[in-house]
Amino acid sequence: MDLINKEKLPSTQQDRFFMKKAIDQAMIAEENGDVPIGCVIVHEGKIVAKAYNQRELLADPTAHAEIIALTQAAAALENWRLHDCSVYVTLEPCPMCAGALVLGRVARLVYGCDDPKTGAVKSLYNIVQDTRLNHWVEVDSGVLEEECAFLLSDFFRRRRIENGKHNGEK
């Protein structure tokens with residue numbers, strides 16, 4: 001059963017506002033040489049956590065924006081159950097992050113662009129709405145999709161140029 005709403009509803013002004021905050025975090029990741037992915041977590045209309053990818057900075061494969069933000073939100077709310085929270089992230093979460101959203105009992109996930117290589121919400125899997133699990137997350141995607149996708153494509157384009165892998169070079 002596919003629980004993701006197939007009909008594209010326009011993003012609300014609030015979703016756009018918080019996604020812009022996640023994009024701001026993604027830009028910090030890029031400034032630190034990491035893949036530009038950012039995340040904010042909102043509880044009762046207020047940001048309780050904000051984070052960006054820090055895998056390079058921390059030399060930690062689990063230092064994804066979502067994981068760091070979930071830890072911050074749980075600390076801020078003094079509860080690992082984040083059932084009244086919305087997570088805004090610039091890229092469709094990977095399997096690790098999607099699993100953490102389920103385990104954290106997050107109410108809602110809003111993400112910018114799909115990730116056809118590792119996406120675990122729509123592209124490859126649907127972990128956050130797998131009916132075999134004990135919690136499901138409401139999902140809205142495509143919020144500021146073009147801006148989020150551009151951040152990533154531009155980052156990787158520049159990285160290929162820096163590594164001499166442009167103009168047909170291998």
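Consider region 83-99 and keep the residues that are in contact with a strand residue (DSSP E or B) (Cβ under 8 Å, 6 or more places away or on another chain) and within 15 Å of Glu44 (Cβ to Cβ). The one that is surrounded by the fewest Cβ atoms within 10 Å (Cβ to Cβ) is Asp84.
Contact annotation: residue pairs with Cβ atoms under 8 Å, 6 or more positions apart or on different chains, pairing a residue in region 113-137 that is among the acidic types (Asp, Glu) with a partner that is open to solvent by 40 Å² or more (accessible area, probe 1.4 Å) and in a loop (DSSP other than H, G, I, E, B), are Asp114/Lys122; Asp114/Ser123; Asp115/Ser123; Asp130/Trp136.
Could you check His83 against (1) under 28 Å from Thr131 (Cβ atoms); (2) modelled with pLDDT of 95 or more and say which number it fails? Result: His83 fails condition (2) only. Does Ala59 count as open to solvent by less than 70 Å² (accessible area, probe 1.4 Å), over 22 Å from Phe17 (Cα atoms) and either in contact with a Lys or Arg (Cβ under 9 Å, 6 or more places away or on another chain) or without any contact (Cβ under 8 Å) to a residue 24 or more places away in the chain (or both)? No.
Considering Glu138, Glu147, which residue is open to solvent by 40 Å² or more (accessible area, probe 1.4 Å), closer than 23 Å to Asp84 by Cβ and modelled with pLDDT of 95 or more?
Glu138
For Lys117, the conditions (1) of a type outside the set (S, T, N, Q); (2) surrounded by fewer than 21 Cβ atoms within 10 Å (Cβ to Cβ); (3) touching a helix residue (DSSP H, G or I) at 6+ places or on another chain (Cβ under 8 Å); (4) assigned to a loop (DSSP other than H, G, I, E, B) are fulfilled apart from (3). Here region 121-139 is the region considered, the condition is being assigned to a loop (DSSP other than H, G, I, E, B) and under 14 Å from the mean Cα position of the chain (by Cα), and the residue that is nearest to Val106 (Cα to Cα) is Val137. Taken over region 65-92, the criterion of being touching a Cys at 6+ places or on another chain (Cβ under 9 Å) and either free of Cβ contacts under 8 Å to residues at least 60 places away in the same chain or among the aliphatic types (A, V, I, L, M) (or both) is satisfied by Ala65, Glu66, Ile67, Ile68, Ala69, Leu70, Ala73, Leu77, Val87, Val89, Leu91, Glu92.
The values are calculated or read from the model by the stated rules, or taken from the named source; none is laboratory data. Being a predicted model, the structure only gives us computed values, none of them experimental. Every residue, glycine among them, receives a Cβ derived from its backbone with ideal geometry; neighbour counts consider all protein chains shown. Side chains are part of the model used for accessible areas, which takes the heavy atoms of the whole protein and leaves out ligands, DNA and RNA. Shrake-Rupley method; radii C 1.70, N 1.55, O 1.52, S 1.80 Å.
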